[in-house]
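Below is one structure, written out as structure tokens, with a few remarks after it.
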Amino acid sequence: MRNGTMGSTVLLEGSEWLDPLEQQVRGGVRKFLQELIEQEVTEALGISRQHLYDILRERKPVSAEVAVRLGAAFGDGPDVWLRMQAAYDAWHALRTVDVSKVPRLAA
């Protein structure tokens, strides 16, 4: 069983029954709501919108400072956010770093 789609999502995505003008209006409403939410999040975290965009678009990592702010906002502490960032970084490093010439050291 999979999670169903919310009805509002289906309506806002625009269906065949919506004319192009109505689709444009609904898209504008969705964009407005998204920007409003992003503004509230950035104000609550004390970071710029550009900083949030860069994190969401994976252009910047979640720093220790932002992890502290996220942890306070969500009540889960900074460790969760730092572990997620470290796992993400390690996953990418395993796929991009050539270790073929690194010798294995005996203990």
Determine how many Å³ per residue the convex hull of the Cα atoms of region 22-107 encloses.
141 Å³
What's the extension gain from Ala73 to Arg49 if we count 0.36 nm per residue and subtract their Cα-Cα distance?
7.0 nm
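Just so you know, all these numbers are worked out from the coordinates, no wet-lab data involved. Predicted model, so just to flag it, every value in this text is computed and none were measured.
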